[in-house]
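Chemist: The structure that follows is given in the form of structure tokens.
The values are calculated or read from the model by the stated rules, or taken from the named source; none is laboratory data. What you see is a predicted model, and the numbers here were worked out from it, not measured in a lab. Glycine also receives a Cβ, built like all others from the backbone with ideal geometry; neighbour counts cover every protein chain displayed.
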Amino acid sequence: MTWASWIDFALGIWLIISPFALGYRGMSGKAASDSIIFGILIALFSLWTAIRDDAPSVASWLVVLFAIWIVASPFALGFRSIPRALSDNAIVGIVVLILAIVRIMAHKRIGPTATA
């Protein structure tokens with residue numbers, strides 16, 4: 001589902017800029033670097049699935065794993081006390097996760113060359 005890939009791509013870009021836009025870059029280097037690194041990964045793998053009909057399903061599964069990490073990272077890395085970083089990671093991670101699962105289910109149902 002191409003639209004889901006493009007939305008995940010945009011959310012990956014948002015993760016890259018969110019530490020600056022939401023102002024938590026200076027509060028926690030862990031929060032900022034985590035958002036930037038995993039934003040890049042989500043954006044790249046989502047872009048791959050958006051522009052390539054023959055992208056392997058592993059690309060979508062990696063986005064699922066990255067999204068789970070984004071939700072868990074405030075607790076694992078200890079920046080859950082920064083409300084902006086916590087809520088940003090939770091909301092973006094859950095939306096990316098849902099869209100990646102939708103993409104995987106559509107890929108299984110329709111096949112790898114179908115786009116929506």
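Chemist: Yes or no: ARG25 more than 17 Å from GLY93 (Cβ to Cβ), at pLDDT below 95 and basic (Lys, Arg)?
Modeler: Spelling it out, ARG25 is indeed more than 17 Å from GLY93 (Cβ to Cβ), at pLDDT below 95 and basic (Lys, Arg).
Yes or no, residue by residue, for (1) surrounded by 15 or more Cβ atoms within 10 Å (Cβ to Cβ); (2) touching a residue at least 12 places away in the same chain (Cβ under 8 Å):
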residue: TRP14; (1), (2): yes, yes
residue: MET27; (1), (2): yes, yes
residue: ALA32; (1), (2): yes, yes
residue: SER46; (1), (2): yes, yes
residue: SER57; (1), (2): no, yes
residue: PHE75; (1), (2): no, no
residue: ASN89; (1), (2): yes, yes
residue: ILE101; (1), (2): yes, yes
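Chemist: Quick one: how many residues across the stretch 19-42 are farther than 30 Å from HIS107 by Cα and polar (S, T, N, Q)?
Modeler: Summing the residues that are farther than 30 Å from HIS107 by Cα and polar (S, T, N, Q) in the stretch 19-42 gives 2.
Chemist: Considering only residues that are closer than 27 Å to SER28 by Cβ and free of Cβ contacts under 8 Å to residues at least 24 places away in the same chain, which ones fall in the stretch 59-73?
Modeler: LEU62, LEU65, ALA72
Chemist: If I go through the stretch 43-96 residue by residue, how many of them are among the aliphatic types (A, V, I, L, M), assigned to a loop (DSSP other than H, G, I, E, B) and within 18 Å of LYS108 (Cβ to Cβ)?
Modeler: Residues in the stretch 43-96 being among the aliphatic types (A, V, I, L, M), assigned to a loop (DSSP other than H, G, I, E, B) and within 18 Å of LYS108 (Cβ to Cβ): 1 in total.
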